[in-house]
Amino acid sequence: MLQTRISIALASLTLALPVFASEPVIGLVTKTETNPFFVKMKEGAAAEAKAKGAKLLSAAGKADGDNAGQVTAIENMIAAGAKTILIAPNDSKAIVPTIKKAREKGILIIALDSPTEPTDATDALFATDNFKAGILIGEYAKATFAGKPAKIATLDLFPGHPVGAQRHNGFLQGFGLQSFDAKNNELAKPSNVVCMADSFGDQAKGQTAMENCLQKNPDINLVYTINEPAAAGAFNALKKAGKEKSVLIVSVDGGCQGIKDLKNGKIAATSQQYPLKMAAMGVAAGIEYAKTGKKPSGYTDTGVMLITAKPVAGIESKDSKTGMDLCWGNK
């Protein structure tokens, strides 16, 4: 009788203990499936998971800004037994309640590329220093202008997104204009900025935005864009207006098509970031958590570098060959 009770007690104890699979399950939720940046992020996560014996689940929003799709993805990953979820949030605020529920279940949540708001809603953030990325192209533009008056158009992401704000405000600070700090999600608009428009990081929307800006102020001579697809759209609008040779375009991302556009003279300079590295580091941290229970915390800078085919004295940069060697997307 005593032996039977002991057996039942041991069985109950076994059932009560958390079951960790020998193969850690890690989820990756990106903003979209089609953007080359997130394609490369997924590639980096898959390679790291395969190399270190983890199972990778992946999903994405239908488009930039699709929070509902990311909520569903997280819920599905929780149900599938993910112990770590990596996410590039589409909506930095709206995703927080879902993340909170996951963390309450003991799941490690790491933000990639874009922080949540507040940033401590996730356990950790692995990302480019987007404010620094903006500063680098702002400093480059200022050095190139060498005191010449600037009439600036900014083709931004969409209102309230921290990455969009950090790049925009960093660019203005780098150019030496009045701006906000990296923690402010508002977009500064000093008097030199004669037009601001949302591009949603899209080429077609970037072209329309640039056309509208030229109608407001045909004397624009400097364009900042949130990313290189928006920059390509801006260039098309400028070429259509016969102004492509008199306007400087600077951008952020360092994708392979962006570096090609830089080599072809469409973009003067870009700040390159490294999505594969972000994802690989996230997967490695998830595997460490599964094995030891150790969680990463705070912000980890995954690096940024100024790439240009037209270097300027006093501004540290790398050439387009280096940019192509390190770019993401189709080479």
> What is the residue count in segment 275-295 for residues that are part of a helix (DSSP H, G or I) and among the basic types (Lys, Arg)?
Replying inline: 2
> Do you know which residues across segment 306-321 are open to solvent by less than 40 Å² (accessible area, probe 1.4 Å) and either free of Cβ contacts under 8 Å to residues at least 24 places away in the same chain or assigned to a helix (DSSP H, G or I) (or both)?
Replying inline: 320
> Looking at this structure, is residue 139 part of a helix (DSSP H, G or I), open to solvent by 50 Å² or more (accessible area, probe 1.4 Å), out of contact with any strand residue (DSSP E or B) (no Cβ under 6 Å at 6 or more places or on another chain) and within 21 Å of residue 317 (Cβ to Cβ)?
Replying inline: yes
> Going by the structure shown, is residue 49 at pLDDT below 95 and either open to solvent by 30 Å² or more (accessible area, probe 1.4 Å) or within 30 Å of residue 328 (Cα to Cα) (or both)?
Replying inline: no
> Scanning segment 212-235 for residues that are open to solvent by 10 Å² or more (accessible area, probe 1.4 Å) and over 26 Å from the mean Cα position of the chain (by Cα), which turns out nearest to residue 134 (Cα to Cα)?
Replying inline: 221
>> Being assigned to a loop (DSSP other than H, G, I, E, B) and of a type in the set (S, T, N, Q) is the requirement here; does residue 251 meet it?
In response: no
> Exactly one of (1) over 26 Å from residue 199 (Cα atoms); (2) in contact (Cβ under 8 Å) with a residue 60 or more places away in the chain; (3) open to solvent by less than 30 Å² (accessible area, probe 1.4 Å) is unmet by residue 85. Its number?
Replying inline: (2)
> Which residue, of 102, 73, 79, 59, is open to solvent by less than 40 Å² (accessible area, probe 1.4 Å) and either more than 23 Å from residue 163 (Cα to Cα) or touching a Phe, Trp or Tyr at 6+ places or on another chain (Cβ under 7 Å) (or both)?
Replying inline: 102
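Residues checked against (1) of a type in the set (A, V, I, L, M); (2) modelled with pLDDT of 95 or more; (3) within 21 Å of residue 262 (Cβ to Cβ):
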residue	(1), (2), (3)
155	yes, yes, yes
162	no, no, no
181	no, yes, no
207	no, yes, yes
222	yes, yes, yes
228	no, yes, yes
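Residues checked against (1) open to solvent by less than 60 Å² (accessible area, probe 1.4 Å); (2) in contact (Cβ under 8 Å) with a residue 60 or more places away in the chain:
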{"residue": "261", "(1), (2)": "yes, no"}
{"residue": "265", "(1), (2)": "yes, no"}
{"residue": "269", "(1), (2)": "yes, yes"}
{"residue": "275", "(1), (2)": "yes, yes"}
{"residue": "278", "(1), (2)": "yes, yes"}
{"residue": "286", "(1), (2)": "yes, yes"}
{"residue": "294", "(1), (2)": "no, no"}
{"residue": "297", "(1), (2)": "no, yes"}
{"residue": "304", "(1), (2)": "yes, yes"}
> In segment 123-132, is there at least one residue being open to solvent by 60 Å² or more (accessible area, probe 1.4 Å) and modelled with pLDDT of 95 or more?
Replying inline: yes
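The values are calculated or read from the model by the stated rules, or taken from the named source; none is laboratory data. Quantities reported herein were computed from a predicted structural model and do not represent experimental measurements. Positions of Cβ are backbone-derived with ideal geometry, glycine not excepted, and every protein chain shown enters the neighbour counts. Keep in mind that these areas ignore ligands, DNA and RNA; they rest on the heavy atoms of the full protein, side chains included. Shrake-Rupley method; radii C 1.70, N 1.55, O 1.52, S 1.80 Å.
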